[in-house]
Amino acid sequence: MTSAGRLGWVSDAKGYRYEATHPRGMPWPAIPDPVLDIWRAVGPADRLPDCCLINFYDKDARMGLHQDRDEADFSWPVVSVSLGDDALFRIGNLTRGGKTESVWLRSGDVVVMGGDARLTYHGVDRIKAGTSMLLPNGGRINLTLRVVT
């Protein structure tokens, strides 16, 4: 896991949070222009994201149902870009429990969680190894763009 942008996601003994510098003290790299172009194509035109969280998922990775609630203003969408192996994405409700729906995300798919969907519980049930040749050793990279402040 790493980040790009004005702010990055960190985890340490103090917990999870956004910080302006990498844990080693240097600023995060800029969000690459092609990634910002995706935001511009599907997100709001009047604000660019503060953070691009970059996660790698190997064939055994999972991410339990959760809400993205660490940003200051939930009116901005969360934009997620899938690269590499397919992932079984599950989305539920605004409260934990109840009916969920699953969809396979393939390399190049973009998910925009905005409006009523911004705070829905969501996660990744599994990665389908070998479905993409993008990464030499397989796996999936997910780019998650968001406005933090």
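All of the numbers you see were taken from the coordinates with simple rules; none came from a lab. The structure displayed is predicted, hence computed values, not measured ones. All Cβ positions, even for glycine, are placed from backbone atoms using ideal geometry, and neighbour counts span all protein chains on display.
Working from Cα pairs under 8 Å separated by at least six residues, relative contact order for the chain is 30 percent.
What do you get for Rg/Rh over the chain if you use C-alpha atoms and the Kirkwood form of Rh? Using Cα coordinates only, the ratio equals 0.95. When the trypsin sites (Lys or Arg not before Pro) in the range 1-90 are filtered for DSSP coil states and for at most 14 other beta-carbon atoms within 10 Å of their beta-carbon, the remaining sites are Lys14, Arg24, Arg47, Lys59, Arg62, Arg69. Per residue, the average separation of C-alpha pairs within less than 8 Å and at least 6 apart gives the range 62-129 a relative contact order of 49 percent.
Computed per residue of the chain from DSSP H runs no shorter than four, each worth -39500 (n - 2.57), the mean residue ellipticity at 222 nm is -2000 deg cm²/dmol.
The range 98-131 and the range 11-37 have Cα centres separated by 23 Å.
Each residue of the range 43-100 gets 126 Å³ once the volume of the Cα convex hull is shared out per residue. Dipole magnitude for the chain: computed about the Cα centre from +1 point charges on Lys and Arg Cβ and -1 point charges on Asp and Glu Cβ, it is near 300 debye. Under a no-solvent Debye model with one identical scatterer per Cα of the range 83-147, what's log10 I(q)/I(0) at q = 0.22 Å⁻¹? For the requested q values the scattering log ratios are -0.94.
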